[in-house]
There are 2 protein chains.
Amino acid sequence: MSYFRKHLDLIAGYQPGEQPQDGQYIKLNTNENPYPPSPLVVETLMENLRRHRLSYYPSPLCDELREQASTVYGYPSSWILVGNGSDELLSIVFRAFLGNGDRVLYPYPTYTLYRVLALLQEAIYEEIPFEKDYSIPEKILTDQAQLKVICNPNSPTGTFIPTPIIENLLKNSCCPVVVDEAYVDFAYDNALSLLKRYPQLIILRTLSKSFSLAGIRVGFLIAQPEMIQGLLKMKDSYNVNWFSQKAATAALQDLPYMKNNVEKIKQTRQEFSQAMTKLGYEVLPSEANFVMVRKPGEGLKSEYLYLKKNWILVRYFPEWPDSLRISIGTDSNMQFLIHVLKNINKDHKDDL
Amino acid sequence: MSYFRKHLDLIAGYQPGEQPQDGQYIKLNTNENPYPPSPLVVETLMENLRRHRLSYYPSPLCDELREQASTVYGYPSSWILVGNGSDELLSIVFRAFLGNGDRVLYPYPTYTLYRVLALLQEAIYEEIPFEKDYSIPEKILTDQAQLKVICNPNSPTGTFIPTPIIENLLKNSCCPVVVDEAYVDFAYDNALSLLKRYPQLIILRTLSKSFSLAGIRVGFLIAQPEMIQGLLKMKDSYNVNWFSQKAATAALQDLPYMKNNVEKIKQTRQEFSQAMTKLGYEVLPSEANFVMVRKPGEGLKSEYLYLKKNWILVRYFPEWPDSLRISIGTDSNMQFLIHVLKNINKDHKDDL
């Protein structure tokens, strides 16, 4: 006998990428940043750690951090909700708009957490395949639903939908539209400018990627104040701990540091994409800190396993067996990966 | 027009106690610990901060912390789920067992978050008044529901239900039963020993109270492994950040420090309770790190405001206007509070 609500027994939870904690692997599987966060983060924590009263609850709305985020994103604090990672913010959004039988639409393939969050709400998810050129599917523009989600740049493809198309989507949608911009600092544009005109627009940001702070779990939801007020009802009172509030505030004070790392990663992305193309892979054009490489019709599981045996972790999704998603590490990380992949090709040839 | 699910428009979120961040108040309103956490916490963080790669995701299941918690609570890691504070764990539990129209039972008055979490799930909450002596209401024992919750020691009353009565409740209940033991380190007993025999039992613990770590947001849910496996589906992948995992592990390594603080607080609680009785208040017998003081039939809002004017924050719940919940601070905190209250009595007399 199960104690759980019936629909829960039928679903599996989200499976995050492997997170070995011993630091032996070159981790290119969960889109972390190969560079450390701004030195200001550790300095600020060192300075404050002995002074702060850890025995007291943190600021429920992250007042200081919201102020800092406000200067970065260009909207007042009342437009910003801070989350324990943007995963928590996604969970809040799905719970706020989707109940039993409600519909959520998003292009496919994308972040598989959306499906899990829909299932947890007993909602119906419609995964609309991207057009062949990874542009937005017509059905997403025209169909009505209770929620639409666009991961932009998209994971795992790395592809980007231009802002005018996002605006077109908003013009055609009465329901809340989430634009999950986890990777947008690596792209050439973003949707922030649309917020003023579209009360149903919800933009998500995270410090996990461009700011090199996956370890602290801080994400932002930016939307009009009325939207924020409604979503706040779902939020745990003290959802962001003191450390993370402090670390995030410091990181946002050092934008040039982040932007410099982003430029390095974009350069590496370009060189790596060229090298993988030379190796015979189809490489999707990426605006993120990862690339999806494909051998359409072939299985790439053996490549994934071979890389892992050589202490390189990349992301293999059983759902898309002819593809690998590879995070952009340092230049030497990527050169080593290419070197190892060349050997697997050699081994395979020797087998013949 | 609202974008939100209909039931959400009708409810208010949970209102946490005031959290001024400037440190000027004597904070006796949210049951924080007046003593700092074990020095081992800050030492461990200082040692690890420069070495750790904050750019990487933390352990999804808090492996190292679960191991340490396992030695403290006496159950294997597979019996333990770590949460971003026990508020997150409560939210997970309510979402796992309650849907539209399902029933949750709990004694009243208690932690008002339970009501909000039930409303968010469109569930029906039945708040069964405690017996006059604050023992468990008969109806909680006998009625069937989808979920029962016992805050033990209870907030805001501080009263405690003995373990054999909790066992009696479990014998009579087919549904999951949450025993929220946030304050149990200040009590003479706890329900951990019942876990082996009752697969529906869920025990919650937190580091926010006895371990002086409200700032780091770490709670534990302890239950049989099958229960843990089901609840994991609801959990965000990386719900506890790296800092908090590290700080919590260190705190659990220094139990004698925590126990020493608990003894001091219990001593202060006893002295404060006697002094308040002398001042003419009814003081409920407390097994927690706070006491509820009452003047049945009178309003205590003016006392709350007068204390606040004198830089002492206590908790006034508009729902229970003849009561105040006062956290136990240091001896001198409590002596100052008594001193201030004596003045309000004097002022009032002068008014006559």
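Okay, here's what the table says:
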{"read-out": "Selected residue (criterion: surrounded by the fewest Cβ atoms within 10 Å (Cβ to Cβ)) from residues of segment A:207-236 that are facing chain B (nearest Cβ under 8 Å) and part of a loop (DSSP other than H, G, I, E, B)", "value": "A:K233"}
{"read-out": "In segment B:43-52, the residues that are under 22 Å from A:S210 (Cβ atoms) and either touching a Phe, Trp or Tyr at 6+ places or on another chain (Cβ under 8 Å) or more than 7 Å from chain A (Cβ to nearest Cβ) (or both)", "value": "B:H52"}
{"read-out": "Wholly enclosed helices (runs of 4 or more DSSP H) of segment A:1-103 bearing at least 3 residues in contact (Cβ under 8 Å) with a residue 24 or more places away in the chain", "value": "A:39-49, A:63-73, A:86-97"}
{"read-out": "Pairs with Cβ under 6 Å, 6+ apart, first in segment A:154-170 and farther than 16 Å from A:R325 by Cα, second in a loop (DSSP other than H, G, I, E, B)", "value": "A:I161/A:I136; A:I161/A:N152; A:T163/A:D189; A:T163/A:A191; A:I165/A:I136; A:I166/A:A191; A:L170/A:Y198"}
{"read-out": "Sole exception among (1) in contact (Cβ under 8 Å) with a residue 24 or more places away in the chain; (2) more than 30 Å from A:Y111 (Cα to Cα) for B:Q274, by number", "value": "(1)"}
{"read-out": "When residues of segment B:108-145 are limited to those that are over 18 Å from B:Y14 (Cα atoms) and crowded, with 22+ Cβ neighbours inside 10 Å, the one nearest to the other protein chains (Cβ to nearest Cβ)", "value": "B:A145"}
{"read-out": "Single unsatisfied condition, B:R66 versus (1) surrounded by fewer than 23 Cβ atoms within 10 Å (Cβ to Cβ); (2) in contact with a helix residue (DSSP H, G or I) (Cβ under 6 Å, 6 or more places away or on another chain); (3) facing chain A (nearest Cβ under 8 Å); (4) within 30 Å of A:R5 (Cβ to Cβ)", "value": "(3)"}
{"read-out": "Residues within segment B:237-272 that are within 14 Å of chain A (Cβ to nearest Cβ), of a type in the set (V, I, T) and either closer than 29 Å to B:S286 by Cβ or over 19 Å from the mean Cα position of the chain (by Cα) (or both), tallied", "value": "3"}
{"read-out": "Per-region count, segment A:83-102, residues at the interface with another protein chain (Cβ under 8 Å from one of its Cβ atoms), under 16 Å from the mean Cα position of the chain (by Cα) and at negative phi", "value": "4"}
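The numbers here are math on the coordinates, done by the rules we state, and not lab data. These figures come from a predicted structure and were not determined experimentally. Please note: Cβ atoms are built from the backbone with ideal geometry, for glycine as well, and neighbour counts cover all protein chains shown.
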